[in-house]
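Trainee: What follows is a single structure, and I will ask about it in a moment.
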Amino acid sequence: MAGRDGIVGLIAGAGTFPELLAGAVKSAGRTLVCLQVAGESAALATIADHYRRCPSGALREVLETLSVHAVHDVLVAGQFPRVDLLAQGDAVRDTLMRVAPDRRDASLLEGLASLLASQGMVLIRKKSAIWPGPSPRSLRTIVIVWFGRYHMPWAK
């Protein structure tokens, strides 16, 4: 991680979990760039230092926006309708779908992590990267459930 004071990007899906993470990022004193790619959230627009709504499969737009804002650390949170991701997208999304070994969530997230790395960004893989100390009890449970739900091997 570049440092505790760097700019954090949040690729947000539907639901309240992205709002909770956004609040935690801001509470940690970090600058937040939020890209809403699924769902709607007026709260995220208020919490984030920069908020943008992007179409579901517009990965080029997401990467360009993160780059313009000099984001280094990236979070992905929320619900992302698989049918939207599989049905439409730009050339970057098409490449991700072509190189992914399968369509499982973990494989697609690994592909996204590789795309981010190619742009000098890092997918935040542990809750400790967000909170420098012990996380609030309510958020600790949510983060553990989130990572466990997607069987992410790096969330240990």
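Read-outs: derived from the displayed coordinates by stated rules, not from any lab. Note that the structure is predicted; figures quoted are calculated from it, not measured. For neighbour counting, all protein chains shown are included, and Cβ atoms are generated from backbone atoms with ideal geometry for every residue, glycine included.
Trainee: What are the pairs with Cβ atoms under 8 angstrom where one residue, in region 64-85, is in contact (Cβ under 8 Å) with a residue 24 or more places away in the chain and under 20 Å from residue 107 (Cα atoms) and the other, located anywhere, is exposed (fewer than 15 other Cβ atoms within 10 Å of the Cβ) and among the hydrophobic types (A, V, I, L, M, F, W, C)? Sequence gap at least six, or different chains.
Mentor: Note: pairs meeting the criteria are 73/1; 73/2.
Trainee: Please go through region 74-118 and give me each residue that is charged (D, E, K, R) and touching a Gly at 6+ places or on another chain (Cβ under 9 Å), ordered by number.
Mentor: Passing the criteria: 84, 90, 93, 94.
Trainee: Search region 94-118 for residues being in a helix (DSSP H, G or I), free of Cβ contacts under 8 Å to residues at least 24 places away in the same chain and of a type in the set (Asp, Glu), and hand back the single one that is farthest from residue 62 (Cα to Cα).
Mentor: So the residue we want is 110.
Trainee: Another question, then. Restricting attention to region 67-89, report how many residues are surrounded by 15 or more Cβ atoms within 10 Å (Cβ to Cβ), of a type outside the set (Gly, Ala, Ser) and in contact with a helix residue (DSSP H, G or I) (Cβ under 8 Å, 6 or more places away or on another chain).
Mentor: So the answer is 5.
Trainee: Report whether or not residue 73 is of a type in the set (D, E, K, R) and under 19 Å from residue 124 (Cα atoms).
Mentor: Here the answer is yes, as residue 73 does meet what is asked.
Trainee: Can you name the residue in region 1-34 that is touching a Gly at 6+ places or on another chain (Cβ under 6 Å) and part of a helix (DSSP H, G or I) and, of all such residues, is surrounded by the fewest Cβ atoms within 10 Å (Cβ to Cβ)?
Mentor: The extreme case among them is 17.
Trainee: Here is a follow-up. Please specify each residue of region 35-61 satisfying the condition of being more than 22 Å from residue 114 (Cβ to Cβ), touching a residue at least 24 places away in the same chain (Cβ under 8 Å) and either buried (at least 18 other Cβ atoms within 10 Å of the Cβ) or aliphatic (A, V, I, L, M) (or both).
Mentor: If the condition is that a residue be more than 22 Å from residue 114 (Cβ to Cβ), touching a residue at least 24 places away in the same chain (Cβ under 8 Å) and either buried (at least 18 other Cβ atoms within 10 Å of the Cβ) or aliphatic (A, V, I, L, M) (or both), then 36, 41, 43, 44, 47, 48 are the ones that fit.
Trainee: Also: What's the number of the condition residue 17 fails, among (1) under 20 Å from residue 121 (Cβ atoms); (2) in contact (Cβ under 8 Å) with a residue 60 or more places away in the chain; (3) hydrophobic (A, V, I, L, M, F, W, C); (4) touching a helix residue (DSSP H, G or I) at 6+ places or on another chain (Cβ under 7 Å)?
Mentor: (1)
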